[in-house]
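Structure first, commentary second.
The values are calculated or read from the model by the stated rules, or taken from the named source; none is laboratory data. Remember, predicted model here, so these are calculated numbers, not experimental data. Because the Cβ atoms are built from the backbone with ideal geometry, glycine has one as well, and the counts that use them run over all protein chains shown.
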Amino acid sequence: MQLIRLVVSKNDEIIREVRFKDGINIITNTGLDGNQIGKSTTLRAINFCLGSSGESLWLDPDNKVKNNEIYEAIVDGNIKFNLLIDINGEQYNIFRQFEKRKSRLYRISSINGLNLNSQESFKKHIASIFSYNCTNPSFPTIKNRFIRLDKSVANGILKYNNTYTSDDQYRLIYSHIFGFDGHKELEKEYNNKMDITSMIQRIRSLLNGNTESEYIDKLRSIDTELNLLYEKEEDYDIVGIHHDGIENIRICRKEISRLSTIISNIEIRLNYNNETIVDYESKISNIDAETVFNIYEEAITILPDVKKSFEDVLSFHNSLFKRKADYVREQNKNIISEIDIYNNRLDIHLNIEKSLVKDISNESHLAGFILIEKEIQNLRETRGRYSYIIDEVNNIKSDIKDLETQNLILKDIINHKLIDFKEKISIFNRSCNEITKKVFRSFSLYFGSPIDQEQSIKFSLVNIDKTSGDGSPRAAAMALDMAFVDYVKKTNAKLPAFTLQDYLEATDLYKLTTLIKLANEKRIQTVISVLNDKLSLLSEDFIKNNVVLFLSKEDKFFKVL
């Protein structure tokens, strides 16, 4: 996929038209002051057309301060965004616009005339035009490898995504980018690991700071107490008390004890579910989706067939845990209904017990017997709770063992498929080696062997430790992004064949100049937002031929002064 043209219009009058070409595309300033004029906004407008929430168009990405003038211009000023792209020779015209209705903000979207007026459906269709059908990693996560618009991770070389992305998740990301044949098995292994982690957390929640052996010891102690009480019950002198009445009380109390134990066990499940909901919701981040896209993206979901993506202003991470919390809430409805049913039955037997006790309550001799019965009932209920915890822990441990066995089988399959995988990475390494060698001179970057000491897949960059200081990390990140674009062109991978680069001011001037020239030489479509003083080593002719948009204090992107 390559960028062809971005058109921004207001009331059907074009206010910006940017035409892109192969190689470098520079967005810069004229004059001395190039800050706050919309250079980065151009890149964000492109990203908005490719599925972002678009809020970064008016929110400062660093301090989240809202620019009310820009907001009003975009939301109430009838500003429309049109991005024309090319995917394997087929062009797609992407249209997006904000529309405010009362207090709600809507995104009006279409692709080649097909209306897609929900953020979710639009992002799904963006992925589909790439023929992207992988569930993990998601398309936005892969897109982030090619788009550098987040200052917090602009220097990320290998780990380019948000800080919450796990090493296991990066294995899935690079496995997909490089077309690893064992990706499905790797994804399943990852899902199992997430399940195991969740199960271990559940065991901890059930044990509540105690060990399993402590609960077993408590059960033994309760059983000893119950046996002593049963003996007292059997030996109790009930002469003068109607035997049938006592027997009916015993039967009724036995059923009360059974129902109380069931209710207690169900309430344990309910309490655990409520703790789980709190745990999931505590993991929901309120960070803007544009800044932190797909935080801690997990493959495992409670409902595997549900593929909803994150809401407009939340990351996939947030929607994942929200979806889990909602699912548990749905479970709670059934649990609460079940508790109500058993509580009704318990109320009936409690009333029966009350009536039976009343019938023989004149016998003062019965008081001691009733106390024994109540103590037995309380111990049975306590035993039921402890027994439930132990049984549940054992069941979870059995499930964990099954998943670990599955992962051993999956690991064996993955290892066999790794044999042919090195060649695919070598295609990327040739590009990465060439680009980074020219940038850093004394060394180059490239992916090492994908097989680690445990015969499991891994992804690591050789010489990444040499990229510290002097603007090197940012240059290395851009170099790697350009190498990925070159890799896409060579392999026809279903991925973006362009890269957007912001926050380049910290980059070493020589290294940035080298990267800019390399983009043209290798025809790597690279769009950069940069202050004009970072172009000082380039000739006037080069700047003239490769700047696609000049902006200034008098001519800002949205023409808002």
Condition check for Lys283: of a type in the set (Lys, Arg), at pLDDT below 70 and either surrounded by fewer than 19 Cβ atoms within 10 Å (Cβ to Cβ) or touching a Leu at 6+ places or on another chain (Cβ under 9 Å) (or both): yes
Please pick out the residue among Ile451, Ile400, Ile435 that is at pLDDT below 95, surrounded by 12 or more Cβ atoms within 10 Å (Cβ to Cβ) and touching a helix residue (DSSP H, G or I) at 6+ places or on another chain (Cβ under 8 Å). Ile451
Selection from the stretch 70-108 of residues modelled with pLDDT under 90 and in contact with a helix residue (DSSP H, G or I) (Cβ under 7 Å, 6 or more places away or on another chain) yields Lys100, Leu105
How many residues does the stretch 501-537 hold that are among the aromatic types (Phe, Trp, Tyr) and part of a loop (DSSP other than H, G, I, E, B)? 1
Between Thr499, Thr514, which is among the polar types (S, T, N, Q) and crowded, with 22+ Cβ neighbours inside 10 Å? Thr499
Which numbered condition trips up Leu186, out of (1) assigned by TED's automatic domain parsing to the domain that holds Phe130; (2) assigned to a helix (DSSP H, G or I)? (1)
Of the residues Leu366, Leu379, only one is more than 25 Å from Glu275 (Cβ to Cβ), surrounded by 16 or more Cβ atoms within 10 Å (Cβ to Cβ) and at pLDDT 85 or above; which? Leu379
Where residues in the stretch 28-55 are of a type in the set (A, V, I, L, M, F, W, C) and over 32 Å from the mean Cα position of the chain (by Cα), which of them is nearest to Leu149 (Cα to Cα)? Ile37
